[in-house]
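Notes follow once the structure below has been shown.
None of the figures in this text is laboratory data; all of them are computed from the coordinates on show. Note that the structure is predicted; figures quoted are calculated from it, not measured. Positions of Cβ are backbone-derived with ideal geometry, glycine not excepted, and every protein chain shown enters the neighbour counts.
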């Protein structure tokens with residue numbers, strides 16, 4: 001490790017595979033960055049806990065041979081000590097924006113959204129809903145009041161605008177928002193302002209999705225869609 | 001004249017007909033207190049309205065997996081406390097508490113376009129409130145026009161709710177109300193309680209009589225059946241006592257009057273209309289056999305256990321299975337405290 005190198009840990013679910021792909025391309029231009037990726041499929045990631053020494057791992061009692069093999073194939077290890085890094089980035093954190101279209105797709109909001117919807121939210125009701133959903137971004141106990149290396153949270157990106165062609169019920173609110181996008185970006189920003197405040201209370205910095213990757217409906221522009229990557233097969237190796 | 005010995009008409013009646021069955025029962029309501037007049041299943045589309053106690057009934061029906069009509073729903077991921085604070089998930093649309101039959105009759109008239117309420121917008125501290133449902137926006141709105149627009153959309157959703165339900169569960173709460181003298185518009189709260197200002201020249205106290213309540217209930221039934229032929233009604237009377245009375249009577253006497261009128265009216269409706277049933281939530285809670293154990297510390301409201309037992313009798317009578325009541329106990333806490341405009345009266349009574 002060279003003098004002046006920043007040691008960065010990128011941890012998370014399958015969403016970190018795309019970051020790894022990007023890093024492979026970008027790494028030569030950033031010799032001062034030493035990035036370690038540590039990931040697991042969502043189910044296994046959900047089992048991981050952080051102990052007082054900042055060791056991220058699935059507790060031995062819950063770590064079966066199959067999972068151990070899977071983590072080893074992906075990461076070359078089953079645990080990662082975050083204490084030895086300068087920066088930790090948690091990627092693929094659940095984003096309240098994924099659910100938010102259910103709230104606004106069929107509703108207008110006083111002062112924020114006018115589409116002629118059949119229901120209307122007052123600004124006070126909207127703010128209360130927004131605060132409640134932002135609160136869901138507060139991390140699990142051992143990640144709160146963080147005193148370790150600089151910690152960043154990067155939520156899941158917004159749903160791709162290509163969802164408009166999907167027949168899945170899950171994406172209907174997103175598709176409806178794409179049809180009538182008035183106020184969507186402003187509401188998206190207000191939501192992440194609230195998320196930022198929640199995380200700030202825990203000494204965590206929010207990494208927002210860049211505005212120029214979003215559509216007018218605050219969906220991810222289709223050109224950034226590379227397809228889902230799964231870690232379940234043990235590939236790509238991180 | 002016959003030579004046989006006189007035979008009392010009470011002879012041979014079932015045990016439930018005699019008070020001794022109550023005295024011998026011990027604590028807890030009787031299993032056969034309620035015999036439904038018609039079937040309600042989980043698939044029955046139920047819509048609800050009424051006073052605060054009706055919120056408990058609606059929530060219990062939802063939790064039991066019953067099909068509750070809700071045309072102003074909030075997505076599931078919005079927490080209960082937030083949704084209910086703004087009038088969501090209380091009833092089948094966001095009309096707030098409906099304390100008197102006249103208030104519901106008025107709402108139905110407004111939906112039909114045959115009635116326009118007087119003084120529909122009240123003011124407090126520069127904020128504007130829907131006078132017909134002032135608690136659904138606790139902070140009020142920015143302009144009177146916004147209140148009107150919210151109400152226009154709400155009425156359309158309420159119209160849809162009243163056209164979808166098969167069974168209407170209506171909890172009768174009060175006979176006392178404040179009305180606009182000239183038009184007769186009735187309000188759920190006294191002017192000056194949540195918003196607005198009381199002007200005795202404009203607003204007056206009114207205590208509805210038995211005849212008025214009956215007339216209103218018949219009108220409600222007719223209006224609802226015009227939208228939804230075959231619609232049936234289940235009437236209940238809230239066991240929650242009045243917070244305050246403006247009748248000049250003692251509040252206990254006023255409570256007794258209100259509940260007696262409402263209970264008698266419900267009974268009268270049941271005897272006159274085969275599609276109207278009465279569910280005795282009032283009797284379950286206020287039963288002498290309960291020895292007051294269903295009453296909360298203030299002796300006015302009811303305990304979660306009361307709601308639990310009341311609804312258990314309802315579900316059992318209709319053969320609606322639900323989980324162990326203990327599973328629900330954790331949810332019958334402060335989160336379930338009904339949103340009651342009349343509680344605000346207490347603040348004014350101090």
Label-point separation in nm, residue A:138 to residue B:305, each point 7 Å along Cα→Cβ: 3.3
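Would you mind telling me the antiparallel percentage of the DSSP bridges in the protein assembly as shown, rounded to 5? Walk me through the intermediate numbers first.
On the way: 20 of 60 bridges.
DSSP beta bridges in the protein assembly as shown are roughly 35 percent antiparallel.
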Nearest 10 degrees, 0 to 90: helix B:210-227 Cα axis against chain B principal axis: 80
Label-point separation, residue B:317 to residue B:183 (7 Å along Cα→Cβ), nm: 3.8
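Taking square-rooted eigenvalues a ≥ b ≥ c of the alpha carbon gyration tensor, is chain B rounded, prolate or oblate, where a/c under 1.5 means rounded and, failing that, a/b exceeding b/c means prolate? Write out the running numbers ahead of the final one.
Details: a/c = 1.62, a/b = 1.49, b/c = 1.09.
The shape class here is prolate.
Going by C-beta contacts inside 10 Å, put B:259, A:47 in order with the fewest on the left.
Working: B:259 22, A:47 13.
Least crowded to most crowded, the residues run A:47, B:259.
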Per-q log10 I(q)/I(0), the protein assembly as shown, q = 0.06, 0.08 Å⁻¹ (Debye; single scatterer per alpha-carbon; no solvent): -0.43, -0.70
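Assuming R0 = 35 Å, what is the FRET efficiency of residue A:170 and residue A:69, from their Cβ-Cβ distance, to the nearest 0.05?
The calculated FRET efficiency here is 0.65.
Taking every pair of alpha-carbon atoms in the range B:1-157, give the share separated by more than 19 Å as a whole percent. Kindly include the intermediate steps, with their values, before the conclusion.
Details: 8202 of 12246 pairs.
Summing the P(r) tail past 19 Å for the range B:1-157 gives 67 percent.
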Residue exposure sequence - A:109, A:24 - by fewest surrounding Cβ within 10 Å: A:24, A:109
Share antiparallel - DSSP beta bridges, the range A:1-105, percent rounded to 5: 30
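Rounded to a whole number, what is D in µm²/s for chain A from Stokes-Einstein with the Kirkwood radius over alpha-carbon pairs (37 °C, 0.692 mPa s)? The partial results should precede the final answer.
Numbers: Rh = 19.3 Å.
Roughly 170 µm²/s, to the nearest whole number.
Let a ≥ b ≥ c be the square roots of the eigenvalues of the Cα gyration tensor of the range B:122-254; is it rounded (a/c under 1.5), or, if not, prolate (a/b larger than b/c) or oblate? Show your work: numbers first, answer last.
Details: a/c = 1.97, a/b = 1.12, b/c = 1.76.
Cα axes put the range B:122-254 in the oblate bin.
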Degrees between helix B:52-63 axis and first principal axis of chain B (Cα, 0 to 90, nearest 10): 70
Neighbour-count order for A:130, B:172, A:63, fewest beta carbons within 10 angstrom listed first: A:63, A:130, B:172
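Quote to one decimal, in nm, the extra length available between residue B:205 and residue B:251 on full extension: 0.36 nm per residue of separation minus the C-alpha distance between them. Please list the in-between numbers first.
Working: separation 46, 0.36 × 46 = 16.56 nm, distance 1.50 nm.
Result for the pair: 15.1 nm of gain on full extension.
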Mean Cβ count within 10 Å, highest first, over the residues of peptides A:156-163, B:219-226: A:156-163, B:219-226
Sorted largest first, extent of the range A:44-112 alpha carbons per principal axis (Å): 52, 30, 20
P(r) tail fraction, the range B:138-179 - alpha-carbon pairs more than 17 Å apart, %: 59
The range A:66-205 - percent relative contact order, Cα under 8 Å, separation 6 or more: 34
Inter-chain shielding of B:75-86 (mean C-beta neighbours from other protein chains, 10 Å cut-off): 5
Spacing of the two label points (7 Å from each Cα toward its C-beta) at residue A:49 and residue B:197, in nm: 6.2
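Using the Cα gyration tensor of the range A:66-171, with a ≥ b ≥ c the square roots of its eigenvalues, what is the shape: rounded (a/c below 1.5), prolate (a/b larger than b/c) or oblate (neither)?
Details: a/c = 3.50, a/b = 1.81, b/c = 1.93.
Since a/c reaches 1.5 but b/c is at least a/b, the shape of the range A:66-171 is classed as oblate.
List the relative contact order of chain A as a percent without decimals, with contacts defined as Cα pairs under 8 Å and 6+ residues apart. Could the numbers behind the result be given before it?
Details: 385 pairs, mean separation 57.8, N = 238.
Worked out over chain A, it gives 24 percent.
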DSSP-defined antiparallel bridges as percent of all bridges, chain A, nearest 5: 25
GNM flexibility winner over chain B from B:210, B:86, B:18 (Cα, springs under 10 Å): B:18
Principal axes of the range A:1-135: Cα extent on each, largest first, Å: 57, 41, 27
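For chain B, what relative contact order do you get, as a whole percent, if you take Cα pairs closer than 8 Å and at least 6 residues apart?
About 21 percent, as a whole number.
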Nearest 10 degrees, 0 to 90: helix B:304-318 Cα axis against chain B principal axis: 60
